[in-house]
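What follows is a single structure, written as structure tokens, with notes after it.
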Amino acid sequence: MNLIVAVDENWAIGNKNELLIRIPADHKNFRQETTGKVVVLGRKTLETFPQGLPLKNRTNIILSSNPDYKVKDATVVHSMEELLEELKKYPDDSIYIIGGESIYRQMLPYCNVAHVTRIDRTYEADAYFPNLDNMPEWEITADSDEQVYFDTTYHFVKYERKQ
């Protein structure tokens, strides 16, 4: 399984249910990676999308503990067990975990590839991703040239779990 995330220098991913920054090239990279694939996300992340609707041209699987929660054009599961059972229907390499914080933390042990946009800044934040640089089981296998968006620099970094 894959995950895809944008983090700042402190591995922060969001503040008050919003992204830290919107970088068009990061959004393009996200679309290229996930279009036609399966995306796994939490209810709060879904609610940050335009009109709170699932992403087009993807299979959206939403994890919500609320048994009455329903979403048009998406599959809703209510536990990790139910999620893992649902994911057995899809090829492992076509699954992308896309947030938020609690979904990333719960699903990280099942992922082997992490597509991380590393933003060279620090933002005020209340949601964080685990720091893969501090985890010996993860290694960087690809790193893009430095990218620039106005006064912000960033890199697309690929981490893979050591076999």
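The values are calculated or read from the model by the stated rules, or taken from the named source; none is laboratory data. All of these numbers come straight from a predicted model, not from anything done at the bench. Quick reminder, even Gly has a Cβ in these numbers, built from the backbone with ideal geometry, and neighbours come from all protein chains shown. With ligands, DNA and RNA removed, areas are computed over all heavy atoms of the protein, side chains included. Shrake-Rupley method; radii C 1.70, N 1.55, O 1.52, S 1.80 Å.
So which residues in segment 49-72 are touching a helix residue (DSSP H, G or I) at 6+ places or on another chain (Cβ under 8 Å), assigned to a helix (DSSP H, G or I) and surrounded by fewer than 10 Cβ atoms within 10 Å (Cβ to Cβ), if there are any at all?
none
If you check Ser79 against the conditions, is it farther than 24 Å from Phe30 by Cβ and open to solvent by less than 60 Å² (accessible area, probe 1.4 Å)? Spell out how you get there, then give the answer.
Values: farther than 24 Å from Phe30 by Cβ: yes; open to solvent by less than 60 Å² (accessible area, probe 1.4 Å): yes.
When the stated conditions are applied, Ser79 passes them.
Yes/no per residue for (1) among the aromatic types (Phe, Trp, Tyr); (2) part of a loop (DSSP other than H, G, I, E, B); (3) at pLDDT below 95:
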| residue | (1), (2), (3) |
| --- | --- |
| Glu82 | no, no, no |
| Asp93 | no, no, no |
| Arg105 | no, no, no |
| Leu108 | no, no, no |
| His115 | no, no, no |
| Pro130 | no, yes, no |
| Asp133 | no, no, no |
| Val148 | no, no, no |
| Phe156 | yes, no, no |
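Among the residues of segment 134-154, what is the count of those that are exposed (fewer than 12 other Cβ atoms within 10 Å of the Cβ) and either within 17 Å of the chain's Cα centre (by Cα) or on the phi > 0 side of the Ramachandran plot (or both)?
Summing the residues that are exposed (fewer than 12 other Cβ atoms within 10 Å of the Cβ) and either within 17 Å of the chain's Cα centre (by Cα) or on the phi > 0 side of the Ramachandran plot (or both) in segment 134-154 gives 1.
Condition test on Leu84, is it closer than 17 Å to Gly42 by Cβ and open to solvent by 80 Å² or more (accessible area, probe 1.4 Å)?
Numbers: closer than 17 Å to Gly42 by Cβ: yes; open to solvent by 80 Å² or more (accessible area, probe 1.4 Å): no.
For Leu84, the condition - closer than 17 Å to Gly42 by Cβ and open to solvent by 80 Å² or more (accessible area, probe 1.4 Å) - is not met.
Working only within segment 27-48, note down all residues that are of a type outside the set (Ser, Thr, Tyr), surrounded by 19 or more Cβ atoms within 10 Å (Cβ to Cβ) and assigned to a helix (DSSP H, G or I).
Answer for segment 27-48, where residues must be of a type outside the set (Ser, Thr, Tyr), surrounded by 19 or more Cβ atoms within 10 Å (Cβ to Cβ) and assigned to a helix (DSSP H, G or I): Phe30, Leu46.
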